[in-house]
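Here the structure comes first, spelled out in structure tokens, and everything after it is commentary.
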Amino acid sequence: MPNKTEQLKSVIRQYSGRKLRIMEVCGTHTHEIFRLGIRSLLPDTIELISGPGCPVCVTPVDYIDEAVYLALEKNVTICTFGDLIRVPGTTKSLGGARSDGANVMIVYSPLDALDYARQHPETEVVFLAIGFETTTPGSCIAVRNAAEAGITNFSLLTANKTMYNAYLSLKGSCDAFLYPGHVSTMTGTKIYETLRDAEGISGVVTGFTALEIMTALAVIIRESAGNKPFFVNCYPRVVTETGSIQAQKLVADLMESCDAVWRGLGTIKGSGLQLNDRYRDYDARLKFSIPVMEGKNNPACRCGEVLLGNCRPYDCPLFGKNCTPEHPVGACMVSSEGACSAYYKYGDLQWKK
């Protein structure tokens, strides 16, 4: 008798119904689907497309320009996760700013940045707070701790985003979403039930093992046959209905919603988070009176279209030629979660899948 893995492979390979477009929202899903060879199972009737689930990729050029401005014009010490250093700005990246003498440091958490600020009270330290619901609580903890300890030389340059309104903006772009497992541990599943019931948007939450991802694909095949919106939690060992109440409360205490610019998607109302009035002293934009930036993307780069699922990375004329992981032109090639880096890393033979 075939084991569960073989049964799932058979369900996926033998699907011959209507064409299904499935969007992986999480960049880790994109990389794991490639790495595990799951794309090789797909018939022509199933198309996997990558969405805006990589926080580095959706961060707009304006934000990089703001960070470069702080580093070079305000002599601020920038603390950031490593992927962000090589993302191109309008004129230069943070790596370029560092070559010009700016102090740009790689840290592994916002608390590392806060520790640096505590140890260097004469230096203004700004942490580049990007990411979705998974990473935002960490930035909030750093600000709360700074306020409680009276540390005044620490602030955030925020580009924190929430996913709900992004799903609304992508409505109609696919038949079903593979919802991100990490984000869902924070939000819980209620938002997906609302998307199903109020907006007719379908999807499943899944984990990152081969069995979990194949189960999610098989569930989408099964549920799509009913021709009505659906949601299934295929990651119940980690994702609950309510999510992390503690993390949600922490974010609500320190932050408020705002409009946010997403690379490729433009401005999405209510999809961003910024520090509220009680913590405005830790908002780098206000603290340093950062002017409004109007960043310019490389016009040949198609990162924005990749994030919308409108094209594949190999459709971009720069992909694998002018744009490689060693010399990235766009954010989707820089990030370890980016779709372009996944397509490049896993080779020509799978690019056409």
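Observations on the structure shown:
- Loop-located trypsin sites (Lys or Arg not before Pro) across segment 226-302 with a Cβ neighbour count of 10 or fewer within 10 Å are R237, with loop assigned by DSSP.
- Nearest-ten-degree value, helix 136-149 long axis tilted from longest Cα axis of the chain: 20 degrees
- Taking GluC sites (Glu not before Pro) across segment 209-241, the ones in a DSSP loop with at most 13 further Cβ atoms lying within 10 angstrom of their Cβ are E241.
- Using the Karplus relation 6.51 cos²θ - 1.76 cosθ + 1.60 with θ = phi - 60°, the per-residue 3J(HN,Hα) values for segment 48-61 come to 9, 10, 8, x, x, x, 10, x, 5, 5, 8, 5, x, 4 Hz, with x marking Gly and Pro.
- Rounded percent of accessible protein surface that carbon and sulfur make up, segment 61-136, 1.4 Å probe: 48 percent
- Helix-derived mean residue ellipticity, 222 nm - over the chain, DSSP H n ≥ 4, -39500 (n - 2.57), to 500: -10500 deg cm²/dmol
- Once the 1.4 Å probe is applied to the protein heavy atoms, segment 258-353 comes out at 52 Å² accessible per residue.
- If both residues of a DSSP beta bridge must be in segment 123-278, then about 40% of such bridges are antiparallel.
- Residues within the reach of a label modelled at D281 (point 7 angstrom out along Cα to beta-carbon, backbone nitrogen below 18 Å), restricted to segment 115-140, are 115, 117-127, 140.
- Table column - 3J(HN,Hα) (Hz), segment 90-106, Karplus curve with 6.51, -1.76, 1.60, x for Gly and Pro: 5, 10, 7, 8, 5, x, x, 5, 5, 4, 8, x, 6, 8, 10, 10, 8
- Amide H contacts under 5 Å for E124, placed H, 5+ residues apart: T77
- On Cα atoms only, tilt of 110-119 relative to the major axis of the chain in degrees: 10 degrees
- Once the chain from E6 to K171 is taken as fully extended at 0.36 nm per residue, the excess over their C-alpha distance is 56.1 nm.
- Under the Karplus curve 6.51 cos²θ - 1.76 cosθ + 1.60, θ = phi - 60°, whole-Hz ³J(HN,Hα) for segment 176-187, x wherever Gly or Pro sits: 7, 9, 8, 6, x, x, 5, 4, 5, 5, 8, 7
- With K and R counted +1 and D and E -1, the other residues having a Cβ less than 10 Å from that of I213 yield a net charge of -3.
- Residue pairs exceeding 32 angstrom between C-alpha atoms, taken from K92/K249; K19/K345; K190/K345; K228/K345; K161/K287: K92/K249; K190/K345; K228/K345.
- Among the listed values [x] -0.40, -0.74; [y] -0.45, -0.79; [z] -0.49, -0.87, the one computed from these coordinates for log10 I(q)/I(0) by the Debye sum over Cα atoms at q = 0.08, 0.11 Å⁻¹ is [x].
- Crossing angle, helix 245-254 versus the chain [Cα axis fit, 0-90 degrees, rounded to tens]: 40 degrees
- Of interest is the spacing of the C-alpha centroids, which for segment 284-352 and segment 137-184 amounts to 21 Å.
- Extension gain for the segment Q14 to S289, taken as residue separation times 0.36 nm less the Cα-Cα distance, is 93.1 nm to one decimal.
- Bridges between two residues of the chain, per DSSP, are antiparallel at a rate of about 25%.
The values are calculated or read from the model by the stated rules, or taken from the named source; none is laboratory data. Values in this document were obtained by computation on a predicted structure and should not be read as measured data. Here Cβ is always computed from backbone atoms with ideal geometry, including for glycine, and neighbour counts include all displayed protein chains. Quick note on the areas: whole protein, heavy atoms, side chains included, nothing else; ligands and nucleic acids left out. Shrake-Rupley method; radii C 1.70, N 1.55, O 1.52, S 1.80 Å.
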